[in-house]
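Reviewing the structure listed below.
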Amino acid sequence: MNFREMDNQVTFMEQLQEKTGPVVLFNQFNVEPDDAERLREVWADDAAFMKRQPGFISAQLHRGIAGSATFMNVAVWESADALAAAFRSPEFQERAARYPDSAVAAPHLFERLAVPGI
């Protein structure tokens, strides 16, 4: 799987070093249309693995409409540290190789903001 940064100023790896939480992972995947079903299968297996990791809260996969081959993974973790430990595990790194060759991932971490009145 290929990776691209979502933010030109801060890398995903830099974010994994932050001592903050909870965090929300947004990970955009783009694949060739013929690889869309394979991405769903591999993601579901990875989500089951992540669900067993310490600090995991939730995950959901979304797909663009109208035949889009763009997907968005939204996952909540107790901390960036917890996600980093799961992401860097040898088992997860082996799993990343199962994604379709056309897959490009753009992961980025966010924290929820309180906006008065909203």
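Name the pairs whose Cβ atoms lie under 6 Å apart, with the first residue in region 11-27 and in contact (Cβ under 8 Å) with a residue 60 or more places away in the chain and closer than 22 Å to residue 71 by Cβ, the second part of a helix (DSSP H, G or I) and not hydroxyl-bearing (Ser, Thr, Tyr), and 6 or more positions between them or separate chains?
16/80; 16/84; 23/80
Which residue is modelled with the lowest pLDDT, if the candidates are limited to region 85-118 and must be touching a strand residue (DSSP E or B) at 6+ places or on another chain (Cβ under 9 Å) and aliphatic (A, V, I, L, M)?
Pass one, region 85-118, residues touching a strand residue (DSSP E or B) at 6+ places or on another chain (Cβ under 9 Å): 86-87, 96, 99, 101-112.
This time we only want the ones that are aliphatic (A, V, I, L, M), so: 86, 96, 103-106, 109.
Working: 86: 96, 96: 84, 103: 97, 104: 97, 105: 97, 106: 98, 109: 98.
My answer is 96.
Check 68, 58 and return the single one that is touching a strand residue (DSSP E or B) at 6+ places or on another chain (Cβ under 6 Å), hydroxyl-bearing (Ser, Thr, Tyr) and surrounded by fewer than 17 Cβ atoms within 10 Å (Cβ to Cβ).
58
Scan region 88-110 and report the pairs whose first residue is under 15 Å from residue 45 (Cβ atoms) and whose second residue is surrounded by 14 or more Cβ atoms within 10 Å (Cβ to Cβ) and not hydrophobic (A, V, I, L, M, F, W, C), with Cβ atoms within less than 8 Å and a gap of 6+ or a chain change.
Correct list of pairs: 89/53; 92/46; 95/46; 99/38; 100/35; 100/38; 103/30; 103/35.
Name the single residue, out of those in region 19-48 being touching a Ser or Thr at 6+ places or on another chain (Cβ under 9 Å) and within 15 Å of residue 84 (Cβ to Cβ), that is surrounded by the fewest Cβ atoms within 10 Å (Cβ to Cβ).
Looking at residues that are touching a Ser or Thr at 6+ places or on another chain (Cβ under 9 Å) and within 15 Å of residue 84 (Cβ to Cβ), I get 19.
Can you tell me which residue within region 60-76, out of those that are in contact (Cβ under 8 Å) with a residue 24 or more places away in the chain and among the hydrophobic types (A, V, I, L, M, F, W, C), is farthest from residue 104 (Cα to Cα)?
Filtering region 60-76 down to residues in contact (Cβ under 8 Å) with a residue 24 or more places away in the chain leaves 63, 67, 69-76.
Retained after the next criterion (residues that are among the hydrophobic types (A, V, I, L, M, F, W, C)): 69, 71-72, 74-76.
Working: 69: 11, 71: 10, 72: 12, 74: 16, 75: 18, 76: 21 Å.
Among those residues, the one meeting the criterion is 76.
The values are calculated or read from the model by the stated rules, or taken from the named source; none is laboratory data. Not measured: the values here are computed from a predicted model. Neighbour counts run over all protein chains shown; Cβ positions are idealised from the backbone, glycine included.
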